[in-house]
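The values are calculated or read from the model by the stated rules, or taken from the named source; none is laboratory data. Predicted model only: the values in this text are computed from it and were never measured. Counting neighbours? That spans all protein chains shown, and the Cβs are built from the backbone with ideal geometry, glycine included.
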Amino acid sequence: MSRKKLFSLSSAALLLAFLSACALFRDDHLSREFTVCGSYGSNMVLQAEKPIRIAGTAIPGKGVNVTIRGKTVFAEAGKDGIWNAVLPSMKPGGPWEVKIAGSDREIVFRNVLIGEVWLCSGQSNMAMAVKSCRNAEQEIAQAVNFPEIRLFKAARETAFDGPRQTASGSGWKVCAPDSVANFSAAGYFFGRKLHRDLRVPVGLIDSAWGGTTIQPWISRKAFESAGMTQELSLIDNAGKQTSSRFREQHKNFLADFRKWENSFMSSNPAATKIAEEWKKENVPVDGWTVIDLPGKIDGKAPFQGLDGIFWVRRTVRLPAELAGRDLLLKISRVDDCDETFFNGIRVGRTGTETPSYWNAPRNYRIPGTLVKAGENTIAIRVIDHAYGARVENIRLVSSAGRKIDLAGKWLGRVEFAVRPGDLPPRPQPPVRRDQNTPGALYNAMIAPWTAYPLRGILWYQGESNTGDPEMYMKYFPLLIQSWRKAWNNSAQPFLFVQLAAYERHQPDRKLPKDFWKNRPPAQQSRWAEIREVQEAALLLPNTGMAVAVDIGDPDDIHPRNKQEVGRRLALEAERIAYGKKEFLPAGPESAALSKQEIMTRGPIYERMKIEGNKIRIFFRFTGRGLMAKGGRLKHFAIAGNNGKFVWANAEIDGHTVLVWSPSIPRPRAVRYAWANYPAEANLYNLDGLPASPFRTDKPEYLIK
C-alpha cells in the first residue's frame, strides 16, 4: 500500500463532516405513499435500446403504475420497500412524459428523451468544469445550441454504512450556458461529439470528486472478492466512527505521539551534539557523501533504508548585486520535518505541528544581513520519522524575482539512524472517515446509479495514486470489473483517460526551452508507471483509452484542453459502443480503406526485436502508418545490459520504429516518453493520435 502519513497535529484535524442524507424525490404537499429515486426527473435521458427501469420506494406490498409512450407496467414494493418498473426498450427520440401513479397521486416527468447515457467519474480532471477549460466563454455561450444534451451533476457526498438507493444532485438539466458552466468539461465535450456524430439525445452524469484516490470508488463487495483485508478494515472502522469518538481518540494519539517524538529526537544525544557544528560555514567535508537533489535521500548510499536525522548542505555563489538583500528560500517539500540554516543561522523550521508537514512547501525568508557576495552556505537538517526522506525543488528567489535553481550536487551526512527496535512502535492516528475512505464514494455517488441503465462509463483518475503503481494495477481492473457487475453488464464499455504530462515537482515555474537538453533520459517516473498500468487495463474487453500525454501542462495538473480529451474519448466510444469502423492495425488491408475512416487509438507498444546494434519496436494501431510530428523522432532512450539509459536516435521504418545509440553497441531495452512531462514526445499515427508512453523492460507485476 502507498504511504499513509500522520494526520495534521493541529486543531484543524478535528473538524469532521459526515454526510449521510439520502435524497429521494418527494412532494411534501402530497401523500408519501411512494417516492421515486432522485436519479429520475423531468429533462432526463433514458438509455435507448435497453429495457427502461424506473425505481423508487413504497410501503411494502404497495404498487405503482409507470407509463411511457402508452406503455404501462405495474411494480410492487418488496419487503425492502423498493419497487422497480421495467419497460420495453425504445428507439432514440422524444420528448415524452413519464407518469408514475399510485392510489392517490401521480408524478409526471416531462421533456424526457430516449438516447445515449454515459456516467463520467474520477477526480479533479473529470470534475474540472467547462468554465475552467480553454475558450470557456465561447464554449459556454454555444451550449444553447444543444438542447438534446441533458446534464445531471451529482452531489459530492460520502456514505460509510453501505450503498445508497438513490442519487442526490442537481437533477436533470437541459444543456444551456447556466447548466454547462459548472459541468465536467471532459464529459461535456465527449457528449457533444457523440450528439453531433450519432444525432441522438445524450445524457451525461457528472459524478466526480477532485483529489480522490481510486479506493473510495470501489465497493466493499469488490474488496471482499479480492481478499483485500486492509481496505475492509478501514471500511469497518469508518462505519463505527463518530465525531466524539474520533476527537477522544485523536487527543490520546497526540499525547502518545509527542512522547514518541521526544524519544526519537533524543535517541542519540552524543551524535546530535556533534552535528551542531554542521550548520556552520567551512565545515570539513570528510565523512560527507555527494548526493543529487532534489529527490529522495534515503534511496542513496549511505542513507539507504534508514530512518533518522540527515543533513544536506551546499555552497552557493551569489553575485554582488544580491549582497545585503533579503532572499526567499523556497523548498517545495521536505519529508518529514526540517530545520534550515543559512550561513550558520537558522532561517526556518517546519515541525509536526504544521498541517501536512511532510508535504508542506517551505518559504523561508533570509535576512539581507546574512547574504554576502561570493560563497554562502545552506544547510538543511532533515528529520525523517518513517518511510523515506526527500527534499524537493530548492531555489533562492530575490525580491526582484530573480530565481537561482539549487538542483544539483549537495553533500549529505547521517546525524543518527533509528533502526527497528530502537524505539517503541510509532503511534498511529485514529481512522478518520472522509471522501478517501474505501467504498465511501461508491456507496454515495455510484451505487445509486446502478439501477439506471447506461451505455457506458468514462473515468479520469490516477493522479492521487501515483505513489503506488503496483497497487493501482490491482485496484483499477477491480474497479472496472466490479462496476460492470454492479450494472449486470460484463461487456459495458469503459473508457478512461491516460494521465496527461505534468512536471510534478515544478509547479511554480515555466520550463525553459532547453529543459530536456541536459535532462537524464528515462528517469524514474511514477506518473509514467501509472500510465503504463492504465494501458494494461486495455487487456480487459470493451475498454478504451484516450492518450493525453501530448496535451498536458508542465505547470498545471489540470490541463485546459479538455476539448481534445473529450474528442479522443468519443472516438473510442464510437468504436466500442457504436461499432464505427476504423483502420486495421497494420498491413496492406488498411491502405484499401476509405480516407474517411480513421483510427480511434494511437500506437501502442506490442513487442521489440534486437537487430544487431539496434532495436526494432512493433506497435498495434498504427493505421495507415506512423509519423513524427514536428521533425525527427524524439524522447526515445535505450540501454544495454547495465540498465543505464541514454538518449537514442530513432526513425520510422514502415509501421515500426528503429532505435539505436552509438554508445550502446549491445542494446537490451527501450523507453519512450518515460517521464512525468515528456515535453518532446512526438510519435503519432497518420490520423494524428499520439503513441502511448512505454518501456520494454516491464516489471513483473505487469507481465501477463
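Report, by residue number, each residue of the range 382-399 that is at pLDDT 90 or above and either farther than 22 Å from M265 by Cβ or over 32 Å from the mean Cα position of the chain (by Cα) (or both). I394, R395, L396, V397, S398, listed by residue number.
Each residue in the range 685-704 was checked for being closer than 10 Å to K629 by Cα and either surrounded by 20 or more Cβ atoms within 10 Å (Cβ to Cβ) or touching a His at 6+ places or on another chain (Cβ under 8 Å) (or both), and 2 of them qualify.
For R258, the conditions (1) out of contact with any helix residue (DSSP H, G or I) (no Cβ under 9 Å at 6 or more places or on another chain); (2) of a type outside the set (A, V, I, L, M, F, W, C); (3) modelled with pLDDT of 95 or more all hold with the exception of (3). Within the range 532-549, if we keep just the residues that are part of a helix (DSSP H, G or I) and more than 17 Å from the chain's Cα centre (by Cα), the residue that is farthest from Y684 (Cα to Cα) turns out to be L539.
Report yes if G439 is under 18 Å from A155 (Cα atoms), in contact (Cβ under 8 Å) with a residue 12 or more places away in the chain and touching a Gly at 6+ places or on another chain (Cβ under 9 Å), otherwise no.
yes
Looking at R349, is it among the charged types (D, E, K, R), in the same structural domain as I394 (by TED's automatic domain parsing) and touching a Leu at 6+ places or on another chain (Cβ under 6 Å)? So R349 does not fit the description; no. Within the range 519-575, being out of contact with any helix residue (DSSP H, G or I) (no Cβ under 6 Å at 6 or more places or on another chain) and of a type in the set (D, E) holds for E532, E535, D550, D553, D555, D556, E572, E574. Where strands (runs of 3 or more DSSP E) sit wholly within the range 267-362, those with at least 2 residues that are without any contact (Cβ under 8 Å) to a residue 40 or more places away in the chain and not small (G, A, S) occupy 345-350.
Look through the range 636-647, keep the residues that are surrounded by 16 or more Cβ atoms within 10 Å (Cβ to Cβ) and without any contact (Cβ under 8 Å) to a residue 60 or more places away in the chain, and return whichever of them is nearest to R668 (Cα to Cα). Checked the range 636-647; the qualifying residue nearest to R668 (Cα to Cα) is G640. Restricted to the range 137-161, and to residues there that are among the small types (G, A, S) and within 23 Å of the chain's Cα centre (by Cα), the residue that is nearest to G203 (Cα to Cα) is A154.
Cβ separations smaller than 9 Å between residues 6+ apart or across chains give the following pairs from the range 392-421 residues that are of a type in the set (S, T, Y) to residues that are surrounded by 19 or more Cβ atoms within 10 Å (Cβ to Cβ): S398/L322; S398/L327; S399/L327.
On the given criteria, is R632 under 30 Å from K193 (Cα atoms), without any contact (Cβ under 8 Å) to a residue 40 or more places away in the chain and of a type outside the set (A, V, I, L, M)? The answer is no for R632.
Residues satisfying the criterion are absent from the range 260-267 (criterion: among the small types (G, A, S), more than 24 Å from E353 (Cα to Cα) and surrounded by 13 or more Cβ atoms within 10 Å (Cβ to Cβ)).
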